[in-house]
Amino acid sequence: MSTTQPGLFASFNGKTHAFLPGETILQFVRRIEGDNLIPTLCDAPNLDPFGSCRVCSVEVGLSADGPRKTMASCHTPVANGYHIHTSTPAIQKLRKNIIELVLTDHPLECLTCEVNGNCELQTVAAKVGIREVRYPAGEDHLDRTKDLSHPYMRSDFSKCINCYRCVRACDEVQGQFVLSMAGRGFDSHIVKDQNVSFNESDCVSCGACAQACPTAAISDVFQSKANNAEAITRTICNYCGVGCNLEVSSTNGEILSIQAPFDAEVNQGHTCLKGRFAFQFYKHPDRITDPLIKRNGVFEKATWDEAYDYIAVRFQSYIKDFGPDSIAGISSARCTNEENYLMQKFFRAVVRTNNIDGCARVCHSPTALGMQRTFGTGAATNSIEDLKHTNCILVIGANPTAGHPVTGAKLKQFAMKSGNVSIVIDPRRTDLAKYATYHLPIRPGTNVAVLNMMLYYIIAENLADQHFIESRTDGFEDFKQHVLNVDIAQMEAVCGVDRELVRQAAMAYAKAPNAMSFHGLGVTEHSQGTFTVVQIADLAMLTGNIGRKGVGVNPLRGQNNVQGLADMGVQPHQGAGYLDVTNDDVNRIYNEFYGVEVPKHIGYKIPEMFNAAIEGKLKAMWIMGEDVVQTDPNTNKVKKALNNLDLFVVQELFMTETAKLADVILPGASFLEKSGTFTNGERRIQRVNKVVDPIGNSKPDGQIVIDLMNRMGYPQPDYTPEGMLAEISQIVPFFAGVTWENLGINGKQWPVNPDGTDTKILHEESFKKGKGHFLFHPFKESNEIVKHGKEYPFILTTNRDLEHYNSGVQTRRTANVEINTEDLLWIHPEDAAEHGIRDGDKVCVESPRGKVDIRAWVTDGVKRGVLSTTFHFPEIMVNLVTSDEHCSESMCPEYKVVAVRIRKSKGQFAERSLV
Amino acid sequence: MSKNLSELSFRKGMEENLFESMGIAARKEGSPGKDDLDRLAQEFLIGKSSVYGAASFYDFLKEENKGKQVYVCNGTACVCAGKQGQVQAALHHHFRAEQIGHMTCLGRCHENAAFHYRGKNYSGSAFEHVEAIMRKEDPGHDSYHVGQLGPALLTVPSSGLDGVHSVLQSALKQGRDWALGEIKTAQIRGRGGAGFPMGFKLESCQQAKSEVKFIVCNADEGDPGAYSDRYLLEQQAHLVLAGMMVAGFITGAEWGILYIRAEYPEAVIQVQSAIDEIRKAGYLGKQILGSNFSFDLKIIQAQGAYICGEETALISSIEGQRPEVRTRPPFPTQAGLFNKPTVVNNVETLAAIPAILGLGGAYYASLGTEKSKGTKLVSLDSFFRKPGIYEVEMGTPLAQVLEDLGGGFKEAVKALQIGGPLGGLVPVSKIRDLTLDYESFSQQGFLLGHASVVCIPREFPMIDFLEHLMDFAQYESCGKCFPCRLGTKRGHEMLKAAKEGQATIARELFDDLLDTLQQGSLCAHGGGIPLPVRNALQYFSEELKPYFHS
């Protein structure tokens, strides 16, 4: 935010005020007087000034009484000494005359219009005092037909006023260019692609156009601009880790629609089709509304007391007979911080085991570990808003336009600008890769090779930031020797990218005044995942890109609260606040705080839990909000483990593949039905507010945990976010200053100091661990390739699509499934031809673990020998083929490198091959 | 305009231009195919809607242009001359109605009866020989007078390549500051109509920090009645090109782009041959004449849209975007073509540079009036005894130009429209009050503009003329701003109904409409059209009275 500079003064309507450098007349007047003085139609808070409606015209003179000129305030910068007149009779007449012209080509059926009462044209027309349209009837566009083709988007261009807001939103916000004006003059009209319907177009259904439209010309099936909501509740999206703020409209306990607030620091009025439209799962008939206990292989409805007793009695007997470590829990990144805190507290303080883990294990555990080893803190160093201050982005193993759409759109906007440098390291030509300055299409599993090449070139070409290295880091000399010994020719052959391209990318990253890196699961879900994260940290330290705006290492956290899950202690080796459970001092603190003795030995990580279950060491598991059967690798093994338990408790919204195997199912509540906080990928703790009551007899997950704590004799007050945060802030050091109240509408980025001030940038003066630590790791081929590469010559890498979220348990229960109907297999045209596979054919993909049938999408978006697919649909169950290989350090599974062979399907696996 | 589209369009540099590619794709059928547009969208990483939206804007790219074979000029001079009915009739013998389109102003105002067939323009009595034209036996040459009152700076006999060499040589030798200094001393103002000081633009662009800059020659002479730029492009291309090179040298731009309208096919050929000649002589490319100055020239052929004469629309057009007027700031000298610093100047302004450098800025400034320096080309239409292009010193009495050079009117004329469709309507009674310079026209409530003179014959109904003007305004409105998109349309509907006797116009509403257009419009298109209308209402109030009610 710019601030006033001395000497910059202008006046409007006779009063003088200081103005900000670069401010337009409209911004100046609105900053001081609000929206009332100057009406607008083509202006929008998240779009550049455009100057089409001219309704914002004002008179400007250079002296109080001198001659004045009529100017559009939205795109005229204020200048020193301007005398602005916002509402002279001539200006009022001009505005009225313009609106009168607009109404000559607009239906006057306000009472039956969707946006009646919430229409900007209506508001402005009332404001300028239109009483009649004097023009004789002429040509108009009132006979334009509606577009009802799309599951979400709607258009009715008979109501279009040609303000271009939709076109600009599609361009400036989403970067999709689906909408344009076509024709010219009076014939100008909005088109989608080459004049097709929404459904036929390349629309990504983000809804930015509908939200931008001042009338009902573009809208959505939920009529989100209609004015009939009883309540509007601000909350946080429960899909990815971007943490979009949402405004949910509801009436009579029914959710009507969702929009994105413009004053949200995270998403500035934008969100994606998941956040905006994929909410109806919450009342889907498939919701589990009562506790269920499986008796004789059949789930039967039970009361909460029955379910709690059933569980508590058994847990207590396992603790007595086999010890606390015979029970394990998996908490949920979909749930709130408070609920995750409670879940780990249940296991540590009630069961007294450290057998608690979460889905971070299978996604960003290498990030936490790698960044802890180098920087001391396993979280994003910077904020997404830093994109405004950077010159270069390095995006590794992430497809943010699909996985993190709002951040993805910002990265795409960045990459489209020619003055910026963007480097994408990814086996696939992702949407972002198309726009990147450098795309390094490596063979999956060779991140370490290509990053060692980059490190080599930066050191060899003397582009290392010596000052930063000397003052802020240690371990460099040793590291340097190792890097300079890297065999470039060998690494080039390994990763399959021309060394000159790698060199150029390395130079660009090193030379950029500010460079920011972003990474996703394409970095972490590898046998060398943690080492890759270490290298990314090395790159940042080597070039001094740490500790200020526009730089840093920024993992794109996958789930809405995966950051919070780890923060709250859902890890077998670290408790709440990342404190080491094996440390005596820490143990003392926890014992005192929880009022019981908590264990000091590290518990099971998720893969270890499955092994222990198969070995019979683990008797019971409680999984809250995680579908491990569909999403963890090697499905058959996971099922074997779960089937081997004596008691398996699942807390869920739906009968997932995992829930089907449970003995007891506890019906939890969706994010729309409870309050608490989520922490997004930039460490921002934000308030989740309940919109409607939990459906049926379901309960907020935190209350369920508390009920069981109480049932097992541990006193814990009822679930309230205020109360829980008061407790958490006393034990999690970086939550010290967090209260429910002071989080406000935009939350706070941790660490939050006791006085409530928060932290946008980490490691500004020094690293959490003092000095940053350089670590070198050589490339090592994955065991998957070493063991099976010959027999299974293709590499399958798995990823996510825009329309679905992970297992799809929510999104498949919304109209998203009409847009994206199945998992598809990316296959290079030459590979496809060689195997007689055509676009749309079913392909049998077989690994040493199993086989699945997937429909082919023939594309040169992957190189030869590489295949790619998603795992959103249980009908396909892609994880039947993924392996047990995992990161050597963090045990994160290697979803990204699966040795497979392919053939055109004969059909016997056409239906799901689950036994 | 879209900043993103500007950036993406430039990813392939000037060598592969999106807008040019659309034109090439349209050659076969008159409009690019759906697959062509999809391919371009994919190649340039932009939307299918972006290319479709842009193509649909232009007369010669839009789908309706498919199958058009021949185009009849409906510019003001041809309309006033009243022969277009005969031209249409003659063409109907050889073409089906759907094969006949129209072009607005082929720049044959001196001969009228103009039409365009297969890349060539014809006028005068050519419509009587359509068959010969179709057999390619009629060369289609036109002729007009060229003369001067005062020094000949733009109408000097062409010194061709030698002229280019000597201008370049002296600029390179004496440096960019010298060259800029001479231009600033000359006080030359832009000849396209707006009259903005050229030295200021060049200096602003020179000071802008960017590795890439552009000089754009606005050769989209769309004003019906004006053909002086056509004269310069066809007869004096070396002056224009040399001027662009000097401008590039001053600003540090390495690309000069000539945006030439599709309606001037001969100009494209002449300029291209001049560029080829200059290139062959080694004056283009890297390190010209052993200096550090590198420069290249490229023609972009327009596709039929009057608004492209507006500099920001022209910039968007070259980028392959919809040529809609942009808001300012940023000014093009800061962020113009492809978001890079850009100087856009009219043909005639650039063509004056060789004379300014050759004769000195002080000499140039000694010509003309206080605020209008140098000489100006005037286009006279076919109502004059000696129609043609005349170079006159600024400040010359208008009557002298019309009578001494033009030889006076061939037949009775009641008014002149000077300065294009947005220029004032000068009743013959006011001719004596005007001298040919910006100040005089402005003081008298008119506009010098590009100094084209179109005569309105005594018998031509003023209501018809206004209807024609407003039809042009609504047809050529880019549609971006509300007042112009809707106002010109409603204005035309009212004038048409009045002309056809269906209704009279409410005067108060009409005045409100003119106010709204003038004050509210984003650019001079909607903002300028009220001027001639108001002139007509003032000077021909009696004639127009029956068409209005209060």
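The values are calculated or read from the model by the stated rules, or taken from the named source; none is laboratory data. This structure is a prediction, so every number in the text was calculated from the model and none was measured. Virtual Cβ from ideal backbone geometry, glycine too; neighbours counted across all protein chains shown. Protein only, heavy atoms only, side chains kept; ligands, DNA and RNA dropped before computing areas. Shrake-Rupley method; radii C 1.70, N 1.55, O 1.52, S 1.80 Å.
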**Request:** Would you mind checking the tilt of helix A:365-374 against the longest principal axis of the Cα atoms of chain A, expressed as 0 to 90 degrees and rounded to 10?
**Result:** 90
**Asked** Carbon and sulfur together cover what percent of the accessible area of region B:174-293 at a 1.4 Å probe radius?
**Response** 48
**Fill in**
From the cross-link list A:K69/B:K499; A:K417/B:K28; A:K69/A:K417; B:K286/B:K340, the entries with a Cα-Cα span beyond 25 Å are A:K69/B:K499; A:K417/B:K28; A:K69/A:K417
**Request:** Per residue of A:118-128, count partner chain C-beta atoms within 10 Å of its C-beta, then hand back the mean as an integer.
**Result:** 0
**Request:** Anything losing 10 Å² or more of accessible area from the isolated chain to the full protein assembly: pick those residues out of region A:419-452, probe 1.4 Å, ligands and DNA/RNA ignored.
**Result:** A:K434, A:Y435
**Request:** Take each of the peptides A:780-786, B:530-536, B:342-348, average the number of other beta-carbon atoms within 10 Å over its residues, and list them starting from the highest.
**Result:** B:342-348, B:530-536, A:780-786
**Message:** At 7 Å along Cα-to-Cβ for each site, give me the label-to-label distance between B:L359 and B:R96 in nm.
**Reply:** 5.6
**Contact order relative to length of chain A, as percent, for alpha carbon pairs under 8 angstrom and 6 or more apart** = 13
**Area buried, chain B against chain A - accessible surface, total, 1.4 angstrom probe, square angstrom** = 4700
**Options A:H150, A:V133, A:C166, ranked by Cα towards positive dipole end of region A:113-195, top entry (Cβ charges)** = A:V133
**Spin-label model distance (nm) - A:T112 vs A:D839, 7 Å beyond Cα toward Cβ** = 4.3
**Item:** Relative intensity, log₁₀ I(q)/I(0), of chain A from a Debye sum that treats every alpha carbon as a point, q = 0.10 Å⁻¹
**Value:** -1.19
**Asked** Ignoring ligands, DNA and RNA, what accessible area per residue does region A:658-704 give at 1.4 Å, in Å²?
**Response** 20
**Complete:** Between A:S418 and B:F200, the FRET efficiency computed from the C-beta separation at R0 = 25 Å comes out, to the nearest 0.05, as 0.35
**Request:** Sort out for me the Cα centre separation of region B:203-255 from region A:688-753, rounded to whole Å.
**Result:** 68
**Complete:** Expected output for region B:35-81, residues with a loss of 20 Å² or more in accessible area relative to the chain alone at probe 1.4 Å, reads B:L45, B:G47, B:K48, B:S49, B:Y52, B:S56, B:F57
**Message:** Let me check against my output: what whole-number percent is the relative contact order of chain B, with C-alpha pairs under 8 Å and at least 6 apart?
**Reply:** 15
**Message:** Can you pull out the GluC sites (Glu not before Pro) in region B:382-486 whose DSSP state is coil and whose Cβ has at most 14 other Cβ atoms within 10 Å?
**Reply:** B:E411, B:E459
**Item:** Cα centroid separation, region A:581-644 to region B:26-102 (Å)
**Value:** 72
**Message:** Per residue, how much accessible surface does region B:66-170 expose to a 1.4 Å probe? Answer in Å², no decimals.
**Reply:** 44
**Request:** Would you compute, from DSSP H runs of 4+ residues alone, the mean residue ellipticity of the protein assembly as shown at 222 nm, taking -39500 (n - 2.57) per run and dividing by the full residue count, rounded to the nearest 500?
**Result:** -9500 deg cm²/dmol
**Request:** Mind giving me the FRET efficiency for A:T437 and A:K301? R0 is 60 Å, r the Cβ-Cβ distance, nearest 0.05 is fine.
**Result:** 0.55
**Request:** For chain A, build the charge dipole from Cβ charges (+1 Lys, Arg; -1 Asp, Glu) around the Cα centre, then report which of A:M343, A:G756, A:T582 sits farthest towards its positive end.
**Result:** A:G756
**Item:** Extension gain from B:E16 to B:K28, taking 0.36 nm per residue of separation minus the Cα-Cα distance
**Value:** 2.4 nm
**Prompt:** Excluding A:V705 itself, what net charge comes from residues whose Cβ is under 15 Å from its Cβ, given Lys and Arg +1 and Asp and Glu -1?
**Reply:** -2
**Asked** Direction-averaged shadow area of the convex hull around the Cα atoms of region B:316-370, nm²?
**Response** 5.5
**Prompt:** Mind checking which lysines have their C-alpha under 16 Å from B:K414, skipping anything on the same chain fewer than 8 residues away?
**Reply:** B:K430
**Request:** Treat every Asp and Glu Cβ in chain A as -1 and every Lys and Arg Cβ as +1, leave all other atoms uncharged, and give the resulting dipole magnitude about the Cα centre to the nearest 20 debye.
**Result:** 680
**Message:** With a 1.4 Å probe and all protein chains left in place, how much accessible area per residue does region A:1-109 have, in Å²?
**Reply:** 43
**When each of B:K173/B:K298; A:K320/A:K637; A:K412/B:K48 is checked by Cα-Cα distance, pairs over 20 Å** = B:K173/B:K298; A:K320/A:K637
**Message:** What translational diffusion coefficient, to the nearest whole µm²/s, does chain B have by Stokes-Einstein, given a Kirkwood radius computed over alpha-carbon pairs, a temperature of 25 °C and 0.890 mPa s viscosity?
**Reply:** 103
**Message:** Could you sort the peptides B:105-116, A:132-143, A:211-222 by per-residue average Cβ neighbour count (10 Å cutoff), highest mean leading?
**Reply:** B:105-116, A:211-222, A:132-143
**Request:** Figure the gain on full extension for A:E592 and A:K771 (residue separation times 0.36 nm, minus the Cα-Cα span) and round it to one decimal in nm.
**Result:** 61.3 nm
**Prompt:** Please state the relative contact order of region A:321-421 as a whole percent: Cα pairs under 8 Å, 6+ residues apart?
**Reply:** 18
**Fill in**
Rounded to whole angstrom, the alpha-carbon centroid of region A:384-404 lies from that of region B:487-537 at a distance of 51
**Asked** In region A:416-526, carbon and sulfur make up what percent of the accessible area (probe 1.4 Å)?
**Response** 46
**Fill in**
Rounded to one decimal in nm, the spacing of the 7 Å Cα→Cβ label points at A:D143 and B:K136 is 4.5
**Fill in**
Heavy-atom accessible area of region B:501-550 with neighbours in place, 1.4 angstrom probe: carbon+sulfur share in percent works out to 49
**Request:** Evaluate peptide A:169-182: per residue, the Cβ atoms of other protein chains within 10 Å of its Cβ; return the mean as an integer.
**Result:** 5
**Message:** Can you pull out the GluC sites (Glu not before Pro) in region A:668-765 whose DSSP state is coil and whose Cβ has at most 10 other Cβ atoms within 10 Å?
**Reply:** A:E765
